[in-house]
1. List pairs: first residue in segment A:89-111 and over 21 Å from B:SER96 (Cα atoms), second residue within 16 Å of ligand 2 (Cβ to nearest atom) and β-branched (Val, Ile, Thr) anywhere in the structure, Cβ distance under 7 angstrom, at least six positions apart or on different chains.
2. Is there any pair with a first residue in segment B:128-140 that is outside any strand (DSSP E or B) and a second that is of a type outside the set (Ser, Thr, Tyr) whose Cβ atoms are under 6 Å apart and which are 6 or more apart or on different chains, and what are they?
3. Residue under question is B:VAL110, and the condition is that it be more than 16 Å from ligand 3 (Cβ to nearest atom), part of a helix (DSSP H, G or I) and open to solvent by 20 Å² or more (accessible area, probe 1.4 Å); does it hold?
4. Do we have any residue at all in segment B:146-159 that's aromatic (Phe, Trp, Tyr) and within 20 Å of B:LEU16 (Cα to Cα)?
5. Which one of these is closer than 17 Å to B:PHE175 by Cβ and either at pLDDT below 95 or assigned to a loop (DSSP other than H, G, I, E, B) (or both): B:LEU268, B:LEU277, B:LEU243?
6. Just the residues that are of a type outside the set (A, V, I, L, M), out of contact with any Cys (no Cβ under 9 Å at 6 or more places or on another chain) and more than 10 Å from chain B (Cβ to nearest Cβ), please, taken from segment A:29-71.
7. Identify the residue in segment B:28-45 that is open to solvent by less than 10 Å² (accessible area, probe 1.4 Å) and in contact with a helix residue (DSSP H, G or I) (Cβ under 6 Å, 6 or more places away or on another chain) and, among all such residues, is nearest to the other protein chains (Cβ to nearest Cβ).
8. Just checking, how many residues over segment A:29-64 are more than 6 Å from ligand 2 (Cβ to nearest atom) and of a type outside the set (D, E, K, R)?
Amino acid sequence: MRIQCTVNGKSVERDISPDLRLLDFIRETLQLTGTKEGCGEGECGACTVLLDGKAVNSCLVLAMQADGSVIITVEGLADGQALHPIQEAYVEVGAVQCGFCTPGFIMATYALLQDTPDPSEEEILAGLEGNLCRCTGYSKILDAVKLAARRMRESR
Amino acid sequence: MRYQRVINESELLDGLSQPGSLIVCGGTDVIVKMRAGMLQPTLLLDVTQIESLHGIQVDEGHLEIGAATLESDIMHSPLVNQHAPLLALVLRQLGSVQIRNRGTLAGNIVNASPAADGAIPLLLYEAEVQVVGPAQEQWVRLESFFTGPGKTTLSSGEFVRALRMPIGTDGFRTFFHKVGKRNALTIAIASLGLLLNIEQGAIQEIRIAVGSVAPTPRRLRKIESQLTGRALDAALPLEARDLITGAIAPISDIRATAAYRRNVIGDLFARALRSHLTQPL
Ligand SMILES: Cc1cc2nc3c(=O)[nH]c(=O)nc-3n(C[C@H](O)[C@H](O)[C@H](O)COP(=O)(O)OP(=O)(O)OC[C@H]3O[C@@H](n4cnc5c(N)ncnc54)[C@H](O)[C@@H]3O)c2cc1C
Ligand code: FES
Ligand code: FES
């Protein structure tokens, strides 16, 4: 089947199998391997991307369901060589250890801050409830989100 | 397998008349089950873009929610927060941000898990399901819609257009608690929801719904009538605990034993009543 969508600002068109997941379309068809597969069942959030502005688990969406949509993956955040403030904050506070969960966390953070530029701690926890990290113990991730939120507000 | 994005109800009815067809909406149940080999549709009908399945409105004394409306949109809707606050509260605990950005309440109901969280507030608000088939459409009470684990009265060829519930419980006190293995993304081992109308220290009206302790989520109407009119005094919570543990017959499975489930429901019920006891009436 023919799929057309916009990925990280570029229009793409491909022929794909109807049972392909959005996750496989992104990783295999488009070779954007920043998006990760953890559980494949909606539990870990490693595969989080923005679909028409909303954070979703790309392992639970068929690629064809995204036909005509606008998709942003972690590769779409940096501006050329300059990291996005969220990416910068994660690196700076040390919220990245093995890094496998990081793209998913960054996309969930991006969605959270787009709707809630000045989140309370409770709102951050709720915004990231769909993402699991096995390394950091989460407190550095919280710090990173707070730092990114502050910088993004200041640069507005 | 073929995939078709249907754009209106007549296309959907056409698609449903074909053998092996299956509706997919948010896909948070369907795609997991397809990958596990539990579902093998030959034609997947994506209903997410059908206009008439979207929207939240108040009409003729009912709060009505389109079948394809996202759980995240329902949770944030001012109309829902005003007329069915318990529904918004429960949705905040269903899945995660990512799940609610795809999942729908109608999908949760048709999936008919004994643990379906969305069913608890809907049962308490006396919701009805709008079932549409090739020949007719009708509103079916949610209580009679569920027939067993994963089973509903929906027949092949039919779909759900909307859910609705009568408004008029503004000011009722609410309670919902589910017990699971972690906070987010938890499938309930046992869950309890209540709507309570207390006047002058007495229970004017109480509605009780439980999940994961019966083949379907269900109301406990007998206890509701036993408790109606009762003074909310210090003796009530423990008495109510015994009533409710006697009224449910949960099973043991890989997630918990029957005895554990019974205790949890009893404790939750006592706790809920106690918390309303200590609130100024
Ligand atoms: C990680 C994870 C966590 C979850 N956590 C919870 C939780 O905490 N609590 C909970 O209750 N559930 C939970 N779920 C289950 C799931 O998210 C819900 O049941 C969801 O509401 C289903 O909606 P959907 O639109 O995704 O349904 P789909 O998967 O698209 O469909 C589900 C069923 O409904 C049918 N269907 C859908 N729309 C219609 C319609 N309009 N007419 C007729 N049939 C229709 C489909 O054919 C299918 O049988 C979780 C799932 C995952 C993957
Ligand atoms: S891989 Fe999609 S949520 Fe885990
Ligand atoms: S950094 Fe390793 S899983 Fe999060």
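1. Pairs found: A:TYR90/A:THR102; A:TYR90/A:ILE106; A:VAL96/A:THR102.
2. Listed by first residue and then by second, the contacts come to B:GLY133/B:GLY157; B:GLY133/B:GLU158; B:PRO134/B:LEU13; B:PRO134/B:GLY157.
3. Numbers: more than 16 Å from ligand 3 (Cβ to nearest atom): yes; part of a helix (DSSP H, G or I): yes; open to solvent by 20 Å² or more (accessible area, probe 1.4 Å): yes.
Yes: the conditions hold for B:VAL110.
4. Of segment B:146-159, the ones aromatic (Phe, Trp, Tyr) are B:146, B:159.
Subset that is within 20 Å of B:LEU16 (Cα to Cα): B:159.
There is at least one residue in segment B:146-159 that is aromatic (Phe, Trp, Tyr) and within 20 Å of B:LEU16 (Cα to Cα).
5. On the way: B:LEU268 fails: either at pLDDT below 95 or assigned to a loop (DSSP other than H, G, I, E, B) (or both); B:LEU243 fails: either at pLDDT below 95 or assigned to a loop (DSSP other than H, G, I, E, B) (or both).
Exactly one of B:LEU268, B:LEU277, B:LEU243 is closer than 17 Å to B:PHE175 by Cβ and either at pLDDT below 95 or assigned to a loop (DSSP other than H, G, I, E, B) (or both), namely B:LEU277.
6. Answer for segment A:29-71, where residues must be of a type outside the set (A, V, I, L, M), out of contact with any Cys (no Cβ under 9 Å at 6 or more places or on another chain) and more than 10 Å from chain B (Cβ to nearest Cβ): A:THR29, A:GLN31, A:THR33, A:GLY34.
7. Our first condition is that a residue be open to solvent by less than 10 Å² (accessible area, probe 1.4 Å); within segment B:28-45, this holds for B:31, B:43-45.
When the remaining residues are screened for being in contact with a helix residue (DSSP H, G or I) (Cβ under 6 Å, 6 or more places away or on another chain), the result is B:31, B:45.
Numbers: B:ILE31: 5, B:LEU45: 12 Å.
The qualifying residue nearest to the other protein chains (Cβ to nearest Cβ) is B:ILE31.
8. 20
The values are calculated or read from the model by the stated rules, or taken from the named source; none is laboratory data. Note that the coordinates shown come from a computational prediction; the quantities given were computed from them, not determined experimentally. Cβ atoms come from the backbone with ideal geometry, glycine included; neighbour counts cover every protein chain shown. Just so you know, the surface numbers come from the protein's heavy atoms only, side chains and all, with ligands and any DNA or RNA stripped out. Shrake-Rupley method; radii C 1.70, N 1.55, O 1.52, S 1.80 Å.
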